[in-house]
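The values are calculated or read from the model by the stated rules, or taken from the named source; none is laboratory data. Keep in mind that this is a model prediction, so the values were computed, not measured. Here the Cβ positions follow ideal geometry from the backbone for every residue, glycine too, while neighbour counts run over all protein chains shown.
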Amino acid sequence: MSATLEEQATAAPRTGGYPVIRMLIGGEWIKAPGAPILDPATGDAIGTVPHATPGHLESAAAAAARGFAVWRRTAPAERARIMLRAVQLVRERVETIAMDITLEQGKPVAQSRAEVLRGCDLIEWDATEARRVYGRVIPAEPGMRHTVLREPVGVVAAFTPWNFPMSSPARKIGGALAAGCAIILKASEETPAGAMHLARAFCDAGLPAGALNLVFGDPAAISGFLIPHPVVRLVTFTGSTVVGKQLAGLAGTHMKPVIMELGGHAPVIVCDDADPQVAAAAGVQAKLNNGGQVCVAPTRFIVHKAVYEAFVQAYAQIGRTVRQGSGLDPHSDIGPVANARRLQSLQRLTDDAVRRGARVLCGGVPRADAGFHFPFTALADVPTDALAMREEPFGPLSLITRADSIEDAIALANSLPYGLAGYAFTESARNARLLSDELEVGNLAINHFVSAVSETPFGGVKDSGYGREGGTEGLECYTHAKSVSHLTS
């Protein structure tokens, strides 16, 4: 790495091992009083996140309006050049960014590194696909021409959660900027470094001032200010269903379109023809990602009775080998959960399931030392009336239950109001077709646990939201269609 790139990689001021967090408004890095940022591995404060005032938010809206006026007139090829340069800078800074994400969020560094690189892939795809956001010409009578143009929707207000500090902002920034929109990003106040690093890379890549603005602070106050603001023309939110419904309602009051990527409670159907050992090994590995703090995490393992006991034994055996510790320890398979709220919720759900007859295969009791450490936990024979079977655990808690047939498994999977991601293991073409047709989810993966890639649309149905991120469908959500009818003679 050259001296110049070394300087860029450490461009954010640092206090100890963690960067000094700033907001970005109109191309300027802004200080403000705020709240402590905690290391979930220890519970200790490692920094301070600034909280935006109404004055900051008004400045961000004005800056976004100015930035949009410039960015929407920037040629798609030039947009792509700037976005790809930002991606290059992020890739060069990956080790610094990954370490900061682990400090604030807790996941192992290897997972933080993978998240940063995934964020790069998302932006890279959007940047290049933006050169192919085509309109169309509609056949008409002589002397008349009908055309449809895809235009950027305008200034976007985006809200991202704490579980993916880098890749969740990347989804929204990539889609908005690729389409020619400006964006005001309200990233998580609990895990702010990933978004700040991403914003810095775009600034260093030459993005016009105001095209990207970054704020932190009280979620209700910021959403209550930005969503009704006349400058904002689209709202995109990733988070809980409860909050998503509130924001969608507020946006609807002001006639603002929304993209809602909300909670999930992903089922995993293991059919009678599947290899239970293979499915169990893949399931444990997938559940390790972010310690299960993922909206598409496999959670409800609905296993055919013919392979149920073999699956349970394999899952328990592998689950007992999971190593828990600090995300900075290279030997850790999972780090702590993100905060005390998650720790308390996971214990409540586990205790309730056990009281109702579930068997503890591994884990179940949090560590007594400092920090927010909940072990990898698997429960078998979980009854359908257990709270955990209805409430999204959002942590390293796996629920295993039996089904008599694939039809019964599908019915149980569809019984909840959520429909974000689903998974299944089968070697039968009939089963695969039935699962594809009948599972009520926005994303289905068969014989693996990758719910979406950069090229495919991602989003849910039912209470898991609407609108899409990723793929051509996601990019189109940041545009609107304009019909132009021209009488030429």
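On inspection, residue 153 qualifies as closer than 22 Å to residue 468 by Cα, modelled with pLDDT of 95 or more and more than 20 Å from the chain's Cα centre (by Cα). Within the range 28-41, the residues that satisfy the criterion of being surrounded by fewer than 16 Cβ atoms within 10 Å (Cβ to Cβ) and not in a strand (DSSP E or B) are 31, 33.
On the stretch given as the range 184-205, residues that are within 22 Å of residue 54 (Cβ to Cβ) and part of a helix (DSSP H, G or I) total 3.
Please state which one of 281, 310, 286, 306 is outside any strand (DSSP E or B), under 25 Å from the mean Cα position of the chain (by Cα), on the phi < 0 side of the Ramachandran plot and free of Cβ contacts under 8 Å to residues at least 60 places away in the same chain. Show your work before the answer.
Values: 310 fails: under 25 Å from the mean Cα position of the chain (by Cα); 286 fails: free of Cβ contacts under 8 Å to residues at least 60 places away in the same chain; 306 fails: under 25 Å from the mean Cα position of the chain (by Cα).
Only one candidate qualifies: 281.
Exactly one residue out of 349, 379, 361, 343 is buried (at least 20 other Cβ atoms within 10 Å of the Cβ) and out of contact with any helix residue (DSSP H, G or I) (no Cβ under 9 Å at 6 or more places or on another chain), and it is 343.
Restricting to the range 206-238, count the residues that are assigned to a loop (DSSP other than H, G, I, E, B) and either among the hydroxyl-bearing types (Ser, Thr, Tyr) or on the phi < 0 side of the Ramachandran plot (or both). Working first, answer last.
Quick first cut of the range 206-238, residues assigned to a loop (DSSP other than H, G, I, E, B) only: 206-211, 216-218, 227-231.
Adding the requirement that they be either among the hydroxyl-bearing types (Ser, Thr, Tyr) or on the phi < 0 side of the Ramachandran plot (or both) leaves 207-209, 211, 216, 218, 227-231.
Number satisfying all stated conditions: 11.
Within the range 328-344, residues that are in the same structural domain as residue 111 (by TED's automatic domain parsing) and more than 24 Å from residue 96 (Cβ to Cβ) have Cβ atoms under 9 Å from residues that are crowded, with 18+ Cβ neighbours inside 10 Å and aromatic (Phe, Trp, Tyr) in no pair, counting only partners at least 6 apart in sequence or on another chain.
Residues in the range 277-298 that are in contact with a Phe, Trp or Tyr (Cβ under 6 Å, 6 or more places away or on another chain) and within 18 Å of residue 410 (Cα to Cα): 279, 298.
Would you confirm, using the coordinates I've provided, whether residue 218 is within 26 Å of residue 65 (Cβ to Cβ), surrounded by fewer than 17 Cβ atoms within 10 Å (Cβ to Cβ), touching a Leu at 6+ places or on another chain (Cβ under 7 Å) and touching a residue at least 60 places away in the same chain (Cβ under 8 Å)? The answer is no for residue 218. Tell me, which strands (runs of 3 or more DSSP E) wholly within the range 319-409 include 1 or more residues that are among the small types (Gly, Ala, Ser) and touching a Lys or Arg at 6+ places or on another chain (Cβ under 9 Å)? Hits in the range 319-409: 377-380, 397-403.
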